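Engineer: Just passing along the structure, written as structure tokens.
The values are calculated or read from the model by the stated rules, or taken from the named source; none is laboratory data. The structure presented is a predicted model; accordingly, all values stated were derived computationally and were not measured. Every residue, glycine as well, gets a Cβ built from its backbone with ideal geometry; the counts of neighbours run over all protein chains shown. Each accessible area value is taken on the protein alone, full model and side chains, heavy atoms only, with ligands, DNA and RNA left out. Shrake-Rupley method; radii C 1.70, N 1.55, O 1.52, S 1.80 Å.
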Amino acid sequence: MFQTLYSYFWWERLWLPANLTWADLEDRDGRVYAKASDLYITLPLAFLFLIVRHLFETYVATPLAGLLNVKEKIRLKATPNAVLEKFYAATTKHPKQADVELLSKRSGCSVRQVERWFRRRRNQDRPSLLKKFREASWRFTFYLIAFIAGMAVIVDKPWFYDLREVWKGYPIQSMLPSQYWYYMIELSFYWSLLFSIASDVKRKVGWGWGVWATSHVPCPPPNSPPVPPSQSAKMFNYAGWRNTCNNIFIVFAAVFIITRLVILPFWIMHCTVVYPLDLYPAFFGYYFFNFMMVVLQSLHIFWAYLIIRMAQKFITGKVVEDERSDREETDNSEEEEEATKNGPLSNGHPVLNNNHRKTD
């Protein structure tokens, strides 16, 4: 049964143009071609990435956090309460006012104590500032190295200057070792993010396997340039270096808009949508790959909208926060008690002013 499903999935008419078979892509005469079986190596490499990441976060990111004076906020732990804990785990972490009143009766606590318990309990589950800094440091380091390596292996290639060269000889295109390792390392990194999704703060899924599955090796990945500024801005934000964070944010926004709203749709997607039809009639692999690109571009438009909103707040002097990130409730004891006494409540947690940040 597995073999049957495997045969259907890799049916030549799905992934290759008409009159071509997988036999045409077998290695011969010293020329090596991309194969689906190459993807298997990404799994052990992903586990290797997890080990390297652990070592990096322990011996590089943590000391760096100390140098940048990344400090943890004081978090008050919720008092053990079986009734509230059961509701928190099985129903919702954000009870409505009616639920709060019902839980107050069941647990023997006042309404205010129930609200405070849920606020503190939610804060216990949130990742610490050090954890977020270490993750941002790891991703910044990888993406910066990946971007530099990617430019190094593509800058001397003819398709870097003329995108029509991408399709020269397609799909019978031999593969260079630099191309092979670039894609394998990138895919392995995204696998490692997937494996650690349960413990990480925020994840995103890579798209590069589709390039490999359709044997379209030369296509340059468009995602890398804006990511290092994004991750470095987060690092300085966690360290409290507000001015540095804002300046890097300007660079990130500019690079993001240029690469993902200009270069990607008008150069890269034009290359993948228009040029192939000069060689072959459209087939499933063509539609599948370009559908993935459209989905990616739709996400970029949505993210750009959030970034522009943040830029407007920055220009008008308002606090700039990452619209895509979850907003952490304050767990500072003095602020919490003051807000509990005097501040308004929304779904059991206070509306607080968290705009006090130090500047570098």
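Engineer: If I go through segment 10-31 residue by residue, how many of them are open to solvent by less than 90 Å² (accessible area, probe 1.4 Å), among the charged types (D, E, K, R) and more than 16 Å from Phe288 (Cβ to Cβ)?
Structural biologist: Number of matching residues: 2.
Engineer: Still on this structure, I have one more. One residue is enough: does segment 20-39 have a residue meeting the conditions within 19 Å of Arg139 (Cβ to Cβ) and part of a helix (DSSP H, G or I)?
Structural biologist: no
Engineer: What pairs come up if the first residue lies in segment 176-189 and is within 14 Å of Tyr40 (Cα to Cα), the second is of a type in the set (Asp, Glu), and their beta carbons are under 8 Å apart, counting only those six or more places apart or on different chains?
Structural biologist: Tyr180/Asp38; Met184/Asp38
Engineer: Let me ask you something else. Any residue at all in segment 41-60 that is out of contact with any strand residue (DSSP E or B) (no Cβ under 8 Å at 6 or more places or on another chain), open to solvent by less than 90 Å² (accessible area, probe 1.4 Å) and over 24 Å from Tyr190 (Cβ atoms)?
Structural biologist: No: segment 41-60 contains no residue that is out of contact with any strand residue (DSSP E or B) (no Cβ under 8 Å at 6 or more places or on another chain), open to solvent by less than 90 Å² (accessible area, probe 1.4 Å) and over 24 Å from Tyr190 (Cβ atoms).
Engineer: Give Gly210, Gly206, Gly150 a once-over and let me know the one that is farther than 25 Å from Ala65 by Cβ, at pLDDT below 90 and part of a loop (DSSP other than H, G, I, E, B).
Structural biologist: The conditions single out Gly206.
Engineer: Still on this structure, I have one more. Just to be sure I understand, how many residues within segment 240-282 are surrounded by 15 or more Cβ atoms within 10 Å (Cβ to Cβ) and touching a helix residue (DSSP H, G or I) at 6+ places or on another chain (Cβ under 7 Å)?
Structural biologist: Counting residues in segment 240-282 that are surrounded by 15 or more Cβ atoms within 10 Å (Cβ to Cβ) and touching a helix residue (DSSP H, G or I) at 6+ places or on another chain (Cβ under 7 Å) gives 21.
Engineer: So if I check each of Lys96, Lys71, Lys86, Lys105, which one is under 30 Å from Ala239 (Cβ atoms), of a type in the set (D, E, K, R) and open to solvent by 40 Å² or more (accessible area, probe 1.4 Å)?
Structural biologist: Exactly one of Lys96, Lys71, Lys86, Lys105 is under 30 Å from Ala239 (Cβ atoms), of a type in the set (D, E, K, R) and open to solvent by 40 Å² or more (accessible area, probe 1.4 Å), namely Lys71.
Engineer: Looking at Leu261, Leu299, can you tell me which residue is part of a helix (DSSP H, G or I) and under 30 Å from Leu129 (Cα atoms)? Lay out the reasoning, then the answer.
Structural biologist: Working: Leu261 fails: under 30 Å from Leu129 (Cα atoms).
Just one listed residue meets the conditions, Leu299.
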